[in-house]
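Contents: one structure, followed by commentary.
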Amino acid sequence: MKKFSLILAILLCAILLLNGCGTETGDNGDSPGEEPGEENGEEMVLTFNVGTEPETMDPHLSTGVPEATMMLQMYEGLARLNVNSVPELALAESVDVSEDDLVYTFHLRDGLVWSNGEPLTAEDFELSWKRALDPELAADYAYMLYYIKGAEAYNTGTGSVDDVMVEALDDKTLQVTLEAPTPFFMSLVAFKTYYPLYQPAIEEDPEGWHLSADTIIGNGPFNLVSWAQGQMEFIPNDNYYDADAVILDRLIFTMVENESTELTMFETGEIDMTHTVPGPEIPRLEQTGELNILPYLGTYYYIFQVEKPPLDDINVRKALTLAIDREALVTNVTQGGQLPAFAYVPPGIPEADGSDFRENGGDYYSYDPETAKQLLAEAGYPDGAGFPSVEILYNTSEMHKMIAEAIQEMWKQNLGIENVTLTNQEWGVYLNTRDEGDFMIARAGWIGDYLDPYTFLDMWLTDGGNNNSRFSNADYDRLLAEVRMLDDEVTRMEMMHQLEDILMEEMPICPIYYYTQPIMVKSYVKGYASIAVGGIDFKTAYVEE
Amino acid sequence: MLGYLIRRIFSALFAILIVITVTFIFMHAIPGGPFQSEKAIPPAIKANIEARYKLDQPLHIQYVDYLSHVVRGDLGPSFKYRGQTVNGIIAERFPVSMQLGLMTFAIAIIAGVGAGIIAALYQGRIPDYVTMFFSTIGISVPSFILGTLLMYFLAFKWGLLPAAMWGTPQHVIMPAMALAGLPTAFIARLTRSSMLDVLNQDYMRTALAKGLPRWRIIWVHAVKNAIIPVITYSGPLLAAILTGSFIVENIFAIPGLGKHFVTSIYNRDYTVILGLTIFYSILLIGLNMFVDFAYTLVDPRIKLTGGKE
């Protein structure tokens, strides 16, 4: 009896003790009272659900959109993207571009400093970019820097770091020489792989400098002051050159992954803004005015494995593409404000004269079951008779399944194809299957890296790493190589329209819709900017009383 | 006793080695790898990354290399969460899951044993039916439904508690209740049936005949013996709830360890998969050993060294 009660007593003590400890650290984690500025009444606080924990807070290593949102607040490059995702000079005050469009000379602003007050110089850029290219660092996005002369050679181990053509001429001047004319280079220098990083922090702890709010030194509109218990807190960075433009007193990012929890917290007012919306809620939120559909530069499409019969027949591919009612699909199935895609490159990319690439390119096809039927008959399958069994592959997800089912039904109704089967695979397995070309039709999505059609078109190069359709066209490859070397913006865009013409004529892919990013946002949240290539910028965000 | 302990530890180490080996083999047998994404990265960069994490070595070398690190207590770097180590992930997240787990465990033991005793004492009467009705519900309603219901009423409808997140004592209540539902119900049933068993024993009648007070008979003679199945169950139960629940952590946005048990597999984050498996095995084996010792304290008839003495 005594022994027994002793065990119980020890157990209870242990529980109380451990609970006690845990709670204390919890309080330290997010105590709201440590900041000044509360004397003049209410602080202006905005809580945004970024939806997930960051995979890494090292801007050179990160690849995801949530990380992009975090870094947009904490860092800034030579340029910064505006509301329309167009680059505007940021840390650079001016830029001189050589006659041949190969040498960029950036002049930094006066008096730039890091968030800790240390001066930020052109040399910081040089060292940071070379660090991003270091093969030892092994950054996924190192290829975003390959436009710089010597960068690819250094990163792939065939060249030296000294041959990377980025050089700090003095404290305020940075000179970059490119491999080829790159009209979207200003857009690239706004990208996170091009951010300058505070070198002393990296030297002190190369692996872990970005793991704690205490050791991260940024240079953007906000400073990260705490990161614990699934929550990040930012306050304005007084050392930011444009600090006057920052209105919020405090910015909080929560990391709630579950969509229905996110909805509950939005309803109870625990969060003001989210990164997503549960699909079925969209019509209701539209009514209450708490829905905002942000642009998102991406296309959802099906890949045809063109080596596999019957998909090796261009008429079959066309027939399948024309027989999908995309309007019905986005209004009845996806319901997330997506736009039906009648071409491949999504809208939102400006050409030289500011007009939209997509508008200029127009639609390549429409919903046309009659023509689809004819094409299928020409291919030798009148009314779907004798059509071999085809399989649609998608990664396991309710939404992909619903879309595939709808398309399966449309092909049956419009073309008389009976034997379309669906198969789903877990993400990693699915990617592997796609890489190996071991599928017939596969679902895919592509989000642009920068605001230029090239980010969508270059992947269909023969044997390209992302060319899962195994599409191969000599004209396409040749045009692509020409575009790469071209510096005249007008002809360049013309050629990219030609590239899209070839792609839509050959139809190795079947575009389905253009992505959008529907979010929940309280009506009092204003001034935020959504970046179409990923991320939300809160620099000028505010809360209206 | 010491000999027994040493033997147990050796067999535990052997079991862990088998767990590592089997996990290692299965993990590498799944198609795909940690550095795969919809945006294929250039082969040269992929080679850089694989070289950095020694994934370019033959599997048996990787295996030996991994074991040699594990022996030194180093579970390696995470592939997905760059810059973080598996040791770091466990150190950061386990305290959160443990805090929630211990709270859950306390609720389950106190409420479960209590309800079981009441049900047994009032066998066939209303308190028995009521507790057993609720325990049937507790066993059949999954934690995510319980959690969602709790959130709907306590946070959304009545505004009593924060809906989710972590950091204050209020944040622990709903997830602990959601997690405790099933074990509480299960423990109530265990306690009830073993109590009924004990209550019908001869020594109960003896105690009654001796004229001992009723509370003493129940607490000292009945409960102490009836608790043994509960102790058996609490070893694996503790190991499971201390390491966190994916679904409850997801619903309540708790930065615990449970999430990584699931996502590491999707991510093919090899070191995290292995590290967590090892961690869980150690916890499970350790707690089971503790349970075996606890038996001897509760029931003197049980001897650890078996028939030798």
In nm, spacing of pseudo-spin labels at residue A:225 and residue A:398 (7 Å Cα→C-beta vector): 3.9
Between the Cα axis of helix B:43-52 and the main Cα principal axis of chain B, the angle (0 to 90°, nearest 10) is 50
Max mean-square fluctuation residue, GNM over chain B, Cα-Cα springs under 10 Å, options B:257, B:212, B:238: B:212
I need the semi-axes of the equivalent ellipsoid of the range A:234-324: take the C-alpha gyration tensor, multiply each eigenvalue by 5, square-root it, list largest first in whole angstrom. 43, 21, 13
What number, rounded to the nearest 500 deg cm²/dmol, is the helix-based mean residue ellipticity at 222 nm of the protein assembly as shown, given -39500 (n - 2.57) per DSSP H run of at least four residues and division by all its residues? -14000 deg cm²/dmol
Give me the lysines in straight-line cross-link reach of residue B:303: C-alpha distance below 24 Å, same-chain residues under 8 apart excluded. A:2, A:3, B:224
Cα-based Kirkwood hydrodynamic radius, the range B:104-174, one decimal, Å: 13.9
Normalised per residue, the volume inside the convex hull of the alpha-carbon atoms of the range A:404-512 in Å³ amounts to 128
Note the full-extension length gain between residue A:82 and residue A:203 as 0.36 nm times their separation in residues minus their Cα-Cα distance, in nm to one decimal. 40.3 nm
Residue A:148 long-range amide H proximity, modeled H, under 5 Å: A:179
Cα-centred dipole magnitude for the range A:396-502, charges only on beta-carbon of K, R (+1) and D, E (-1), debye, nearest 20: 420
Förster-model FRET efficiency, 56 Å R0, residue A:286 and residue A:123, C-beta, rounded to 0.05: 0.65
Kindly provide log₁₀ I(q)/I(0) values, in the same order as q = 0.11, 0.21, 0.22 Å⁻¹, from the Debye equation applied to equal alpha-carbon scatterers of the range A:141-285. -0.68, -1.30, -1.34
Enumerate the residues in the range B:270-298 having an amide nitrogen under 20 Å from the point lying 7 Å beyond the Cα of residue B:28 toward its Cβ. B:270-279
Partners for residue A:308 among lysines (Cα-Cα distance below 19 Å; same-chain residues under 8 apart left out): A:318
Can you give the alpha-carbon Rg of the protein assembly as shown over 2.2 N^0.38 Å, where N counts its residues? 1.09
Using the charge dipole of chain A (Lys, Arg: +1 at Cβ; Asp, Glu: -1 at Cβ; taken about the Cα centre), state which of A:97, A:280, A:384 has its Cα farthest towards the positive end. A:384
So how strong a dipole does the range B:1-119 carry about its Cα centre when Lys and Arg Cβ are +1 and Asp and Glu Cβ are -1, to the nearest 20 debye? 80
Taking every pair of alpha-carbon atoms in the range B:79-124, what share in percent sits in each 5 Å bin, from 0 to the bin with the longest distance? 5, 18, 14, 12, 10, 9, 8, 7, 6, 5, 3, 2, 0
Take every Cα pair under 8 Å in chain A that's 6+ residues apart, average their separations, divide by the length, and report that relative contact order as a whole percent. 19
State the extension gain, in nm to one decimal, for the chain segment bounded by residue A:268 and residue A:391, taking 0.36 nm per residue of separation less the distance between their alpha-carbons. 39.8 nm
Hey, any idea what Rg/Rh is for the range A:269-363, computing Rh the Kirkwood way over Cα pairs? 1.07
Only four residue types carry charge here, +1 at the Cβ of Lys and Arg and -1 at the Cβ of Asp and Glu. Report the dipole size of chain A about the Cα centre in Debye, rounded to the nearest 20. 1880
Using only the Cα atoms of the range B:1-50, what are the Rg and Dmax in Å? 19.5, 60
How tilted is helix B:2-29 with respect to the longest principal axis of chain B? Cα atoms for both, answer in degrees (0 to 90, nearest 10). 50
Environment charge at residue B:244 (Cβ cut-off 11 Å; Lys +1, Arg +1, Asp -1, Glu -1): +1
Compactness summary of the range B:38-79: radius of gyration and Dmax from Cα atoms, Å, are 12.5, 37
Check cross-link reach from residue A:130 to the lysines: straight Cα distance under 24 Å, and skip same-chain residues fewer than eight apart. A:149, A:172, A:192, B:39, B:46, B:54, B:80
Put a dot 7 Å past each Cα toward the Cβ at residue A:368 and residue B:289; how far apart are the dots in nm? 7.5
Positive-pole candidate from B:99, B:111, B:41, dipole of the range B:36-126, charges at beta carbon: B:111
Once R0 is set to 25 Å, what does the formula 1/(1 + (r/R0)^6) return for the Cβ-Cβ distance between residue B:301 and residue B:209, expressed as a FRET efficiency to the nearest 0.05? 0.65
Could you tell me how many cubic angstrom of Cα convex hull volume the range A:286-444 has per residue? 142
Looking only at B:130, B:172, B:230, which one moves most when chain B is put into a Gaussian network model with springs between Cα atoms under 10 Å? B:130
Compare the Cα positions of A:460, A:538, A:476 along the charge dipole of the range A:458-545 (+1 at Cβ of Lys, Arg; -1 at Cβ of Asp, Glu; about the Cα centre) and return the one farthest towards the positive end. A:538
Pop the C-beta distance of residue A:110 and residue A:136 into the FRET formula with R0 = 22 Å and round what comes out to the nearest 0.05. 0.05
Hey, rough spin-label estimate for residue B:126 and residue A:435, points 7 angstrom out along Cα→Cβ, what's it come to in nanometres? 6.7
Can you check how the C-alpha radius of gyration of the range B:205-309 compares to 2.2 N^0.38 Å, as a plain ratio? 1.59
Amide H of residue A:276 versus every other amide H placed in the peptide plane: which residues, excluding those fewer than 5 positions away on the same chain, fall under 5 Å? A:520
Amide H contacts under 5 Å for residue A:213, placed H, 5+ residues apart: A:227
Normalised by the number of residues in chain B, what is the relative contact order in percent for Cα pairs under 8 Å and 6+ residues apart? 26
Helices from chain A with mean Kyte-Doolittle at least -1.0 and a Cα length along the axis of 18 Å or more, per DSSP H: which? A:2-29, A:398-415, A:489-506
Pick from B:51, B:163, B:108 the residue whose mean-square fluctuation is largest in a GNM of chain B, springs joining Cα atoms under 10 Å. B:51
Beyond 26 Å, what percent of the Cα pairs of chain B remain? 59
Using alpha-carbon coordinates, inclination of helix B:258-267 to the longest axis of chain B, degrees: 30
How big is Rg to Rh over the range B:6-154, alpha-carbon atoms, Rh as the Kirkwood inverse-mean-distance radius? 1.16
Whole-Å semi-axes of the range B:1-93's equivalent ellipsoid (Cα gyration tensor): 32, 15, 12
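FYI, it's all coordinate maths here, none of it is from the lab. Please read these numbers as outputs of a predicted model, since none were measured by experiment. All Cβ positions, glycine included, derive from the backbone under ideal geometry; neighbour counts span all protein chains shown.
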